[in-house]
Amino acid sequence: MKAILITNDNDTYNAQLTEVAEDQLPEGDVTVSIDYSTLNYKDGLAITGKSPVVRKFPMVPGVDFAGTVEQSAHPDYKPGDKVVLNGWGVGEVHWGGLAQKARLKGDWLVPLPDRFDSRQAMAIGTAGYTSMLCVMALENQGVTPNDGDILVTGAVGGVGSVAVSLLAKLGYSVIASTGRREEAEYLKSLGAKEIIDRSELSEKGRPLGKERWAGAIDTVGSHTLANVCASTKYGGTVAACGLAQGFDLPATVMPFILRGVILNGVDSVMCPREKRIEAWNRLAKDLDISHLEMMASEIPLGDAIATAKSLLDGSVKGRVIVNVNA
Ligand code: NDP
């Protein structure tokens with residue numbers, strides 16, 4: 001089978017497209033023939049070695065995939081079932097989706113909702129599933145469309161694009177923050193009402209600012225997240241999932257102790273199975289499928305290494321689907 005393989009021999013970090021014998025696949029009770037994978041920010045970090053995402057070598061990267069069960073000793077799955085995989089350390093400590101096959105624990109898989117085919121599932125990918133978890137976090141904290149605007153940072157990125165689309169479809173008024181003003185029309189076509197420049201949020205700010213949004217989905221971290229919290233309305237919620245600007249959080253407690261702002265962390269990797277199934281079912285119900293093609297581009301497996309570098313430069317728009325059989 002074809003796979004991207006990352007090696008780290010004698011401190012030389014290398015990722016290449018290569019042929020791997022199927023008997024090299026790791027342990028697991030389900031073998032999946034992969035249709036599509038994607039490139040997420042974390043895959044960019046893994047392929048380039050920019051952050052220590054990969055913790056075992058050699059490693060096949062790819063934190064997600066969609067495909068068809070080929071062999072199964074798991075009671076919930078049989079050959080021919082369509083499945084989707086996100087996280088659980090796949091692509092980090094267990095061989096991942098940037099390959100034509102994967103073997104892993106069936107407990108990690110989610111049945112693919114009927115509404116999506118494998119390609120659409122990967123247009124959504126881990127980024128889109130994380131966006132849904134963020135929207136669910138806002139809802140669980142009681143944020144409703146009547147409460148006011150919702151901010152999405154890193155809006156042209158994968159998580160951001162799906163978040164804008166989902167929130168708009170659910171009736172929220174969305175402010176999209178981006179460094180790419182030239183993508184304003186794209187963001188408006190996904191449903192953003194207003195676009196702001198990310199420079200408004202990316203520098204060190206004041207402990208408290210004007211109350212601007214009832215809630216936010218932040219994919220950026222660092223000063224941006226601190227400023228997002230500082231301008232969240234009384235009792236509002238910020239769902240924080242990303243670190244594209246940085247993993248630091250140079251904030252004060254003021255928004256939390258004076259305005260009761262809730263900072264709700266969102267993790268997709270170890271998220272319990274029931275919540276994942278709920279998130280995928282919600283995506284099937286609430287995502288405007290016609291937006292997927294606007295957000296997604298497709299590359300063959302052989303282009304994954306070069307595209308991973310562009311992803312970290314911030315020059316990739318929306319979601320990148322990887323056709324592992326092309
Ligand atoms: P993308 O690379 O697709 O998007 C990131 C976006 O962040 C960019 O498009 C850009 O948006 C913005 N950005 C990039 N650099 C900076 C910067 N220096 N300052 C401010 N904004 C910046 O990544 P994803 O959408 O796949 O992921 C977004 C984040 O979410 C990542 O940090 C990723 O690790 C994290 N993530 C976390 C998950 C979890 O389980 N918690 C799951 C999935 C992702 P624009 O061009 O609009 O300014």
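For the stretch 141-198, give me every one of the strands (runs of 3 or more DSSP E) that falls completely inside it and has 1 or more residues that are surrounded by fewer than 17 Cβ atoms within 10 Å (Cβ to Cβ).
Answer list for the stretch 141-198: 194-197.
All but one of (1) modelled with pLDDT of 95 or more; (2) at negative phi hold for G158; which doesn't?
(1)
As an exercise: evaluate G209 against (1) within 15 Å of the ligand (Cβ to nearest atom); (2) assigned to a loop (DSSP other than H, G, I, E, B); (3) among the small types (G, A, S) and give the number of the one condition it does not meet.
Of the numbered conditions (1) within 15 Å of the ligand (Cβ to nearest atom); (2) assigned to a loop (DSSP other than H, G, I, E, B); (3) among the small types (G, A, S), the odd one out for G209 is (1).
Does G96 qualify as being within 19 Å of K2 (Cβ to Cβ) and either of a type in the set (D, E, K, R) or crowded, with 16+ Cβ neighbours inside 10 Å (or both)?
So G96 passes the test.
Enumerate the strands (runs of 3 or more DSSP E) found wholly within the stretch 214-326, keeping only those where 2 or more residues are surrounded by fewer than 21 Cβ atoms within 10 Å (Cβ to Cβ) and more than 16 Å from the ligand (Cβ to nearest atom).
Here the list reads 232-240.
Given the stretch 28-131, what strands (runs of 3 or more DSSP E) lie entirely inside it while holding 3 or more residues that are at pLDDT 95 or above and more than 16 Å from the ligand (Cβ to nearest atom)?
30-39, 64-72, 101-104
For the stretch 159-186, which residues satisfy the criterion of being more than 12 Å from the ligand (Cβ to nearest atom) and in contact (Cβ under 8 Å) with a residue 12 or more places away in the chain?
Once the filter is applied, which keeps residues that are more than 12 Å from the ligand (Cβ to nearest atom) and in contact (Cβ under 8 Å) with a residue 12 or more places away in the chain, the stretch 159-186 yields S165, L166, L167, A168, K169, L170, G171, Y172, S173, V174, I175.
When only residues in the stretch 116-131 that are among the small types (G, A, S) and more than 8 Å from the chain's Cα centre (by Cα) count, which is surrounded by the most Cβ atoms within 10 Å (Cβ to Cβ)?
A121
Taking the condition of being farther than 20 Å from A326 by Cα and touching a strand residue (DSSP E or B) at 6+ places or on another chain (Cβ under 8 Å), how many residues in the stretch 293-312 meet it?
Residues that pass the stated criteria total 2.
Within 21 Å of the chain's Cα centre (by Cα) and either polar (S, T, N, Q) or at pLDDT 95 or above (or both), is that true of A192?
yes
The values are calculated or read from the model by the stated rules, or taken from the named source; none is laboratory data. Quick caveat: nothing in here was measured; it's all calculated off a predicted structure. Don't worry about glycine lacking a Cβ; one is built from the backbone with ideal geometry, like all the others, and counts go over all protein chains shown.
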